[in-house]
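The values are calculated or read from the model by the stated rules, or taken from the named source; none is laboratory data. This is a predicted model, so every value here is computed, not measured. In this analysis, Cβ positions are derived from the backbone assuming ideal geometry, glycine residues included, and neighbour counts consider all displayed protein chains. Quick note on the areas: whole protein, heavy atoms, side chains included, nothing else; ligands and nucleic acids left out. Shrake-Rupley method; radii C 1.70, N 1.55, O 1.52, S 1.80 Å.
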Amino acid sequence: MRTVYLNGEFVPENEAQVSIFDRGFLMADGVYEVTSVLGGKLIDFAGHAKRLERSLAELDMQKPDDFDNLLEVHRALVRLNDIDEGMIYLQITRGAPDDRDFVFPDPETTRPTVVLFTQNKPGLANSPAAQKGIKVISIEDQRWARRDIKTVQLLYPSMAKMAAKAAGKDDAWMVEDGKVTEGSSNNAYIVKGNTIITRHLGTEILHGITRAAVLRFAREAQMTVEERSFTIDEAKDADEAFITSASTFVMPVVEVDDHAIGTGKPGPISARLREIYLDESLKAAV
Ligand code: PDD
């Protein structure tokens, strides 16, 4: 049984309890982060902590009292649950007032709810999916307009994932005004020649922590990066495609809407970026 963290305490997972009035539960009024663990160490913790701080500020949500301690909490959970490879999930909600109300509760009396738990995934870095590549479908992006804030409103991404599964595929790329925004829980890329193309930052997509690192490594390796939107037709015509996220790192995409991309096998640039990303991230892990 896992040891989880709830509001300052480390407890067995079956003893962690949150109020039915918690605004995370009633209103999806909460934000989250997923940080990967490799070799028992955290990948890009600083990046995730910075984005978390921004998500809280954008929603006018108080930082919890243990905010400055979160690195220690992450490390303690890795230790207590003996995680070598996997993820740490963190969620902060606006807390639990004593009734349901659209008005935000007084932050002095209703403190944020903080939850962290581990997900043990042995073999995460050596995933067989990375050898094979994944297949995606396209689907209309019907999420709210502030996707740059990492909120726990994941119903539509969940539905997109289910649509992919129903079609016998692995994931969905969401499309708005004819252009790909991102994957259900990852950023989306195509490769044309030596050029990596991924949507520019804005409120339409999450500013991936993995995205920032991968684009930095790509530029350092003399690859050309174009931050602009692209269409599904461009993706079908690309030499390669891939996604990035904290839980998949760099994952090749070999098919979109039943159409093979490039050779239909993971391409060399995706493979190289995955290798560089894993190497460099491990070196910098804390
Ligand atoms: N998802 N876009 C969306 C919509 C995401 O949900 C995520 C992450 C990303 C990639 O961001 P990062 O590189 O910082 O992980 C992009 C996490 C992993 C999840 O929901 O499980």
If the label point is 7 Å along Cα→Cβ of residue 120, which residues in segment 77-111 have backbone nitrogen under 17 Å from it? 77-89
May I ask for the distance between the Cα centers of segment 190-261 and segment 11-60, given as a whole number of Å? 26
Over segment 1-82, what relative contact order in percent results from Cα pairs under 8 Å that are six or more residues apart? 28
Phi angles of segment 218-233, converted by Karplus (6.51 cos²θ - 1.76 cosθ + 1.60, θ = phi - 60°) into ³J(HN,Hα) in whole Hz with x for Gly and Pro, give 4, 5, 4, 8, 6, 7, 8, 10, 10, 9, 7, 7, 9, 9, 5, 4
In sequence order, calculated HN-Hα J values of segment 48-61 (Karplus, 6.51, -1.76, 1.60; Hz; x Gly/Pro): 5, 5, 5, 5, 4, 4, 5, 4, 4, 5, 4, 9, 6, 9
So what's the net charge close to residue 82: Lys and Arg +1, Asp and Glu -1, counting the other residues with Cβ under 15 Å from its Cβ? +2
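Could you work out the mean projected area of the convex hull around the alpha carbons of segment 53-196, in square nanometres to one decimal?
Taking a quarter of the hull surface, the average projection is 12.4 nm².
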Using all C-alpha to C-alpha distances in the chain, build P(r) with 5 Å bins and read off the rounded percent in each one. 1, 6, 12, 16, 17, 17, 14, 9, 6, 3, 1, 0
Go ahead and estimate [θ] at 222 nm for the chain from helices alone: -39,500 (n - 2.57) per DSSP H run with n ≥ 4, summed, over the residue count, rounded to 500. -8500 deg cm²/dmol
Can you give me the pair-distance distribution of segment 129-284, C-alpha pairs, 5 Å bins, whole percents? 2, 10, 21, 24, 22, 14, 6, 1, 0
Kindly sort 58, 15 by accessible area of their heavy atoms, largest first, with the probe set to 1.4 Å. 15, 58
Convex hull volume of the Cα atoms in segment 178-254, per residue, in Å³? 83
